[in-house]
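Accompanying notes for the structure given below.
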Amino acid sequence: MAVINTQQMELQEKGFLDINVDPNLDLFAEIERLKKEKNAIVLAHYYQEPDIQDVADYIGDSLGLAQKAKDTNADIILFAGVHFMAETAKILNPTKKVVLPDLKAGCSLSDSAPPALFAKWKEQYPDHIVVTYINCSAGMKALSDIICTSSNAKAIIDSLPADQKIIFAPDKNLGAYLNKVTGRNMVLWNGACMVHEIFSLEKITRLKTRHPEAKLIAHPECEEPLLRIADYIGSTTQLLKYTQTDSSQTYIVATETGILHQMQKDQPHKTFIPAPPDNSCACNECPHMKLNTLEKLYLCLQYEQPELTMEESLRVAALKPIERMLEISKAAGLIG
Ligand code: 13P
Ligand code: SF4
């Protein structure tokens with residue numbers, strides 16, 4: 001398990017990082033000042049709230065963010081995303097100080113695969129190799145042979161010999177989608193993302209009837225019936241790029257709503273409709289990603305905490321399958 005600096009955890013739990021920020025402060029200017037002063041870089045995922053995306057030095061999908069974290073010369077990496085993403089940054093660039101605005105920003109998908117349970121389960125499949133989606137803990141990564149993201153998963157699986165038996169974890173929906181597009185029969189761990197399973201097929205079908213010109217674009221963490229009717233399936237970066245190059249004017253977007261900020265910013269004349277959830281709450285917002293706020297980000301830069309730290313033995317074990325992912329992605333021409 002990754003070690004969270006307990007002292008900092010206590011501080012955060014006591015509300016140290018919830019101190020009131022002067023409402024008159026120009027947080028955008030303050031964050032810019034702190035970034036320069038401390039030689040810090042802000043990396044943000046597309047699911048972060050718009051204000052956070054607007055102060056970020058780089059916004060990307062999991063693969064892009066991992067690469068950026070690995071290559072940065074900054075002294076501090078402020079990771080505006082969830083815990084497993086900050087962990088990946090630390091694994092790839094251990095000499096940097098990695099801080100995240102809220103240590104409690106977890107991930108339901110990552111939580112669905114506790115390493116001890118997974119280690120026991122995989123004993124049933126001694127001749128299988130383990131391909132694991134990056135949305136998992138460092139402990140899970142250490143039990144894996146190759147990590148993948150939604151943008152390189154197909155290329156990674158295609159790179160393995162056709163007769164190689166594979167376990168795929170933790171996302172059963174992404175795993176089922178990959179089985180379909182690669183023609184494999186991977187054994188799937190039964191995990192899922194709470195956000196991507198919430199969409200209502202019925203409401204989406206009704207929306208499509210009302211907007212026959214709209215294209216449905218979806219993240220592969222969504223369930224199979226939704227993916228079956230999607231016009232395009234891809235990682236967040238791939239979805240964004242699709243809306244930039246495709247000629248349609250309207251899109252129904254089946255992923256976390258944060259991505260709509262960049263889509264709308266880049267293509268202001270186009271219409272982006274968030275795919276509706278199966279109830280009336282804002283359940284297509286990731287509650288973990290949305291724990292981060294601009295105020296917390298400011299305090300995090302100011303106090304350089306909470307910091308993500310990790311035992312070196314765990315880091316080294318988790319690094320191996322990530323490096324394999326990067327090698328295969330490079331050979332496949334997916335990264336430079
Ligand atoms: P990508 O941005 O890599 O597509 O991942 C989506 C996601 O669910 C991150 O938590
Ligand atoms: Fe995890 Fe899903 Fe949130 Fe992504 S959107 S961080 S997979 S819970």
The size of the Cβ-based charge dipole (Lys, Arg +1; Asp, Glu -1) of the range 36-87 about the Cα centre, to the nearest 20 debye, is 160 debye
Lys and Arg at +1, Asp and Glu at -1: neighbours of Gly183 with Cβ under 12 Å from its Cβ sum to +2
With 0.36 nm assigned to each residue of separation and the Cα-Cα distance removed, Thr309 to Ile229 gains 24.5 nm
Taking only protein heavy atoms and a 1.4 Å probe, the highest-to-lowest accessible-area order of Lys241, Lys122 is Lys241, Lys122
Here the equivalent ellipsoid of the chain, derived from its Cα gyration tensor, has semi-axes (largest first, whole Å) of 30, 27, 18
In the structure shown, of Lys38/Lys270; Lys35/Lys290; Lys70/Lys154, the pairs separated by more than 32 angstrom at the C-alpha atoms are Lys38/Lys270
Dipole check, the range 162-210, charges on Cβ (K,R +1; D,E -1), about Cα centroid: among Leu178, Thr209, Asn190 the Cα furthest to the positive pole belongs to Thr209
Simple SL model, points at 7 angstrom along Cα→Cβ for Asn24 and Leu334; separation in nm is 5.1 nm
Per the 1/(1 + (r/R0)^6) rule, R0 = 41 Å and r from the Cβ atoms of His211 and Thr95, FRET efficiency to 0.05 is 0.25
Of Thr149, Thr182, ordered by accessible area with the largest first and a 1.4 Å probe, the sequence is Thr182, Thr149
Heavy-atom accessible area with a 1.4 angstrom probe orders Ser313, Ser108, Ser235, most exposed first, as Ser313, Ser108, Ser235
Nearest-0.05 FRET efficiency for Ala162 and Asp54 at R0 = 45 Å, using Cβ-Cβ distance, is 0.45
In terms of the charge dipole of the range 206-336, which places +1 on Lys and Arg and -1 on Asp and Glu at the beta carbon, the residue among Leu240, Cys283, Ser329 farthest towards the positive end is Leu240
Per the rule of 0.36 nm per residue minus the C-alpha distance, extending Cys281 to Lys241 adds in nm 11.6 nm
Per the charge dipole of the chain (beta-carbon charges, Lys/Arg positive, Asp/Glu negative, Cα centre), the residue among Phe199, Thr309, Ile59 reaching farthest to the positive end is Phe199
Per DSSP loop assignment and a cutoff of at most 15 other beta carbons within 10 Å, the chain keeps its longest run without exposed GluC sites (Glu not before Pro) at 1-122
Any DSSP H helix in the chain with Cα axial reach of 20 Å or more and mean Kyte-Doolittle score of at least 1.0? Listed by number, the hits are none
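The values are calculated or read from the model by the stated rules, or taken from the named source; none is laboratory data. Predicted model, so just to flag it, every value in this text is computed and none were measured. Neighbour counts are summed over all protein chains in view; Cβ atoms, including those assigned to glycine, are modelled from backbone coordinates with ideal geometry. Keep in mind that these areas ignore ligands, DNA and RNA; they rest on the heavy atoms of the full protein, side chains included. Shrake-Rupley method; radii C 1.70, N 1.55, O 1.52, S 1.80 Å.
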